[in-house]
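Contents: one structure, followed by commentary.
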Amino acid sequence: MRSFATLRRRQLLGIGSRRLRSTLTLSTTVHQYPHTHISKEEQYITPSFVNNEFIKSEAKTWYDIHDPATNEVVSTVAQSTPEELEEAISSSDSAFNAWREYSVIKRQSIAFKFVELLKLNMDRLASMIVLEQGKTFQDARGDVLRGLQVAEASCNVTNDLMSSSLEVASDMETKMVREPLGVITSICPFNFPAMVPLWSLPLVLVSGNTIVLKPSERVPGAAMIIAELCREAGVPPGVVNMVHGKHDTVNKLIKDPRIKAVTFVGGDGAGKYIYEEATRNGKRVQANLGAKNHLIVLPDADKAHFVNAVNGAAFGAAGQRCMAISVLVTVGKETHGWLDDVVADAKKLTVGSGFDSKTDLGPLISPEALERAEMIIDDSVKQGAEIMLDGRGYKHPNPQFTKGNWLGPTILKNISPGMRAYDEEIFGPVLSVVNVDTFDEAIQLVNSNKYGNGVSLFTSSGSSAQKFTKNINCGQVGVNVPIPVPLPMFSFTGNKASFLGDLNFYGKAGMTFLTQPKTITTLWKTTPFEPSSKPSVSMPTQT
Ligand code: NAD
């Protein structure tokens with residue numbers, strides 16, 4: 001296997017023994033990275049990152065990473081061995097005390113450098129995302145940008161960690177500071193290979209914590225570049241470690257007593273299990289889970305704006321966004337009539353390789369994801385859905401892509417709760433249309449849905465918008481904005497079944513999640529102490 005990673009053998013001194021260890025260098029660089037799909041000869045090994053070194057795992061179990069546009073294997077990634085997991089956790093644990101002692105200014109200057117490096121490496125990161133995940137290059141740059149914005153916001157740490165103090169009695173002061181927790185673990189999904197690792201990592205660093213991060217085993221390449229950039233920015237060995245694998249890795253991370261908090265983003269099954277198991281083991285957890293996001297359109301909406309927005313939000317990234325619009329709620333007969341325009345515009349979208357600048361949406365992540373999405377469409381049709389636009393069976397004209405996981409934009413109408421297309425998260429380019437008679441029914445529909453990630457209303461009425469924002473039960477609400485993800489000076493605020501935990505990702509809540517308060521009360525008397533005849537043992541009664 002020729003590799004993007006060049007193998008070199010280095011002798012390292014193990015504890016009490018001398019052993020050989022293979023270290024790797026990522027062979028993508030800021031100037032050299034794939035601009036198209038790669039050949040078999042260019043396959044690369046995905047390393048782990050421990051103590052600031054890229055390590056070739058000694059695992060017996062390796063997983064293939066497929067390019068979703070060709071289904072060719074592009075890389076392999078290990079199921080990190082128990083010894084490698086132990087080494088990573090112990091490395092982060094040992095690095096914690098020294099890292100928390102770095103002054104906040106020093107950690108902030110590393111964060112500034114990290115931001116600069118992320119900007120320089122944006123295209124390199126995006127190209128790795130296209131290769132392993134399939135989204136278009138432009139969209140992959142957006143994936144990096146939304147993570148970069150969290151890194152930029154983390155540079156505000158000197159304000160975010162500002163303590164408060166008060167002279168509570170004469171010469172007596174109480175100060176409250178926030179301190180880091182220790183080792184944090186992040187468990188990441190496949191759909192945002194750069195953004196989701198960056199939802200936690202920069203805040204972990206500036207707050208003085210250390211991290212063991214597990215990227216999705218399907219798309220680990222971008223996270224490995226991020227690890228390299230941390231090292232280049234001056235993050236000391238052990239502060240950032242990255243391991244790989246599936247359940248065995250996660251089980252070790254969520255049970256090990258040295259890990260104090262878990263940040264998870266992914267599907268409901270893994271999320272509920274991880275939340276329950278990690279909290280049972282005494283850890284803080286923030287877990288972002290699945291979604292079903294509605295867009296409600298009222299007859300007074302700007303039709304052209306709505307048609308453009310709904311297509312972008314439903315079909316961008318092939319619907320593999322946790323904030324993608326998957327349900328369109330048309331209110332009344334008139335807006336239902338606008339569906340023909342939605343379909344006409346959706347037909348203009350080009351399905352294909354993410355490296356092709358003419359492509360609007362890439363493939364689904366795997367043949368299994370494609371099969372499941374098609375099955376849900378089939379079943380929904382049996383349940384009474386009508387297909388307005390059918391993306392099943394899309395064949396790419398270029399023979400290089402005949403094995404890709406293609407599903408074209410699909411629009412289903414006559415959908416209602418109880419049908420698979422409404423009840424399940426499809427995570428593909430499928431828009432389900434529900435028609436209701438009144439605005440109140442539309443609000444009721446959204447509020448009854450178990451998920452609460454995102455919702456949007458298209459209208460030109462301020463009064464309707466006001467009624468909507470006050471009465472809707474969903475964590476991220478947009479008015480004439482189809483995907484209302486807040487920038488990182490706020491937090492990512494999904495609610496209901498889309499979130500488990502108390503403190504959301506990034507923003508003030510993110511920093512609170514990663515730190516614990518400590519109050520310190522001191523008395524430095526300016527006048528001499530006046531002894532009484534005997535010690536006072538009652539609680540003070542004077543104020
Ligand atoms: P996933 O749940 O399959 O995997 C997420 C992570 O959990 C991976 O690292 C995986 O290795 C691990 N994992 C999977 N099953 C596990 C198990 N049984 N035990 C232990 N670990 C397990 O999710 P995915 O398919 O990678 O990502 C898509 C999902 O993520 C969608 O449901 C999407 O809505 C959700 N998501 C949510 C948000 C959000 O902010 N709400 C953002 C992005 C993605």
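The values are calculated or read from the model by the stated rules, or taken from the named source; none is laboratory data. Computed from a prediction, not measured in an experiment: that's the story for all the values here. Methodologically, a virtual Cβ is constructed for each residue, glycine included, from the backbone with ideal geometry; neighbour enumeration extends over all protein chains shown.
Conditions (1) assigned to a helix (DSSP H, G or I); (2) under 21 Å from Arg321 (Cβ atoms), marked per residue:
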{"residue": "Ile415", "(1), (2)": "no, yes"}
{"residue": "Val434", "(1), (2)": "no, yes"}
{"residue": "Asn447", "(1), (2)": "yes, no"}
{"residue": "Ser456", "(1), (2)": "no, yes"}
{"residue": "Val477", "(1), (2)": "no, yes"}
{"residue": "Pro488", "(1), (2)": "no, yes"}
{"residue": "Ala509", "(1), (2)": "yes, no"}
{"residue": "Lys518", "(1), (2)": "no, no"}
Per the filter on the range 77-122, residues free of Cβ contacts under 8 Å to residues at least 40 places away in the same chain and of a type in the set (Val, Ile, Thr) are Thr81
Within the range 279-320, restricting to residues that are among the basic types (Lys, Arg) and within 16 Å of the ligand (Cβ to nearest atom), the one that is surrounded by the fewest Cβ atoms within 10 Å (Cβ to Cβ) is Arg280
In the range 345-397, residues that are exposed (fewer than 13 other Cβ atoms within 10 Å of the Cβ) and touching a residue at least 24 places away in the same chain (Cβ under 8 Å) total 4
Just one listed residue, out of Leu198, Leu161, Leu181, is farther than 23 Å from Gly290 by Cα, buried (at least 20 other Cβ atoms within 10 Å of the Cβ) and modelled with pLDDT of 95 or more, and it is Leu181
Discussion item. Whether any residue in the range 215-235 is out of contact with any Lys or Arg (no Cβ under 8 Å at 6 or more places or on another chain), of a type in the set (A, V, I, L, M) and within 11 Å of the ligand (Cβ to nearest atom) is what I want to check.
Written reply: yes
- Message: It is to be established whether one or more residues within the range 162-180 are in a helix (DSSP H, G or I) and either closer than 26 Å to Ala278 by Cα or of a type outside the set (A, V, I, L, M, F, W, C) (or both).
- Response: no
Q.
With the structure loaded, tell me whether Asp139 is over 26 Å from Ala88 (Cβ atoms) and within 16 Å of the ligand (Cβ to nearest atom) or whether it fails that test.
A. yes
**Request:** Inspect all residues belonging to the range 62-76 and state whether any of them is closer than 30 Å to Lys119 by Cβ, in a loop (DSSP other than H, G, I, E, B) and in contact with a strand residue (DSSP E or B) (Cβ under 9 Å, 6 or more places away or on another chain).
**Result:** yes
Within the range 265-278, restricting to residues that are in contact (Cβ under 8 Å) with a residue 12 or more places away in the chain and either assigned to a helix (DSSP H, G or I) or more than 7 Å from the ligand (Cβ to nearest atom) (or both), the one that is surrounded by the fewest Cβ atoms within 10 Å (Cβ to Cβ) is Lys272
Output for Cβ contacts, cut-off 7 Å, separation at least six or different chains, first residue of a type in the set (Gly, Ala, Ser) in the range 420-439, second in a strand (DSSP E or B), reads Ala421/Leu412; Ala421/Val430; Ala421/Ser432; Ser432/Ser326; Ser432/Val327; Ser432/Leu412
Check your understanding: Does Gln133 count as surrounded by fewer than 24 Cβ atoms within 10 Å (Cβ to Cβ), polar (S, T, N, Q) and farther than 23 Å from Ser90 by Cβ?
Key -> no
Could you go through the range 322-343 and let me know if any residue there is part of a loop (DSSP other than H, G, I, E, B) and surrounded by fewer than 17 Cβ atoms within 10 Å (Cβ to Cβ). no
